[in-house]
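Quick notes on the structure that follows.
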Amino acid sequence: MNDREGCEKSALQRLGASFVTITVDGMLRGCIGTLEARRPLAEDVAANAVAAAFEDSRFASLTAEELGRMKIEVSVLSSSEVIEAGDRTELLESLRPGVDGVVVESGSHRATFLPQVWRSLPEPDAFVRELVKKAGLPPPAAPPETEFRRYTVESWSEA
């Protein structure tokens, strides 16, 4: 085993958080992940891949017919940090489109958008509005106890 293989193996054994996104014919078909690192990255990716294919409640299970037309993208998340913003305007101004993944959390409501979602929602106002809606909170404003966190990802997908 060379140094690079040892380094990659070590990285896969460290605790990590990931999301696995499956598309079929360019359309979302499943996306499941974890926001906090709680198990070795290799285990996390494998579990999320199975869950994205067969357990995403928004879609029926992936079929054998779809396998040849599917693409998989793996995103490894950094640790998240609270976004310190006094109001919605400061929140929107602090976001980095295309860079930040964002988590919104209030009570039992929580949702996230990976940085890749900026491709379809490039305006910070729309991005936050849809994220709050996804969490089941009343858009466009969120309750005062709502917390927003940001993270970045390293992602890989099939060619």
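The table that follows gives values for the structure above.
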| read-out | value |
| --- | --- |
| Proxy reagent accessibility, fewest Cβ within 10 Å first, across Arg110, Arg150 | Arg110, Arg150 |
| Cα shape, the stretch 81-154, gyration tensor, a/c 1.5 rule | rounded |
| Environment charge of Leu35, counting only residues whose C-beta is closer than 15 Å and scoring Lys/Arg +1, Asp/Glu -1 | 0 |
| Around Val24: net Lys/Arg minus Asp/Glu count, Cβ-Cβ under 14 Å | -2 |
| Projected area averaged over orientations for the stretch 3-77, convex hull of C-alpha atoms, nm² | 5.5 |
| Dipole-positive endmost among Pro97, Ala135, Ala64 within the chain (Cβ charges, Cα centre) | Ala64 |
| Mean separation of Cα contacts under 8 Å (6+ apart) over length of the stretch 3-77, as relative contact order % | 38 |
| Relative contact order computed over the stretch 2-151 (Cα-Cα under 8 Å; 6+ residues apart), in percent | 20 |
| Option label - Rg and Dmax of the Cα atoms in Å computed here, alternatives (i) 17.3, 64; (ii) 14.9, 49; (iii) 16.8, 53 | (iii) |
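None of the figures in this text is laboratory data; all of them are computed from the coordinates on show. What you see is a predicted model; the values in this text were computed from it and never measured. Here the Cβ is made from the backbone with ideal geometry for all residues, glycine too, and neighbour counts use every protein chain on show.
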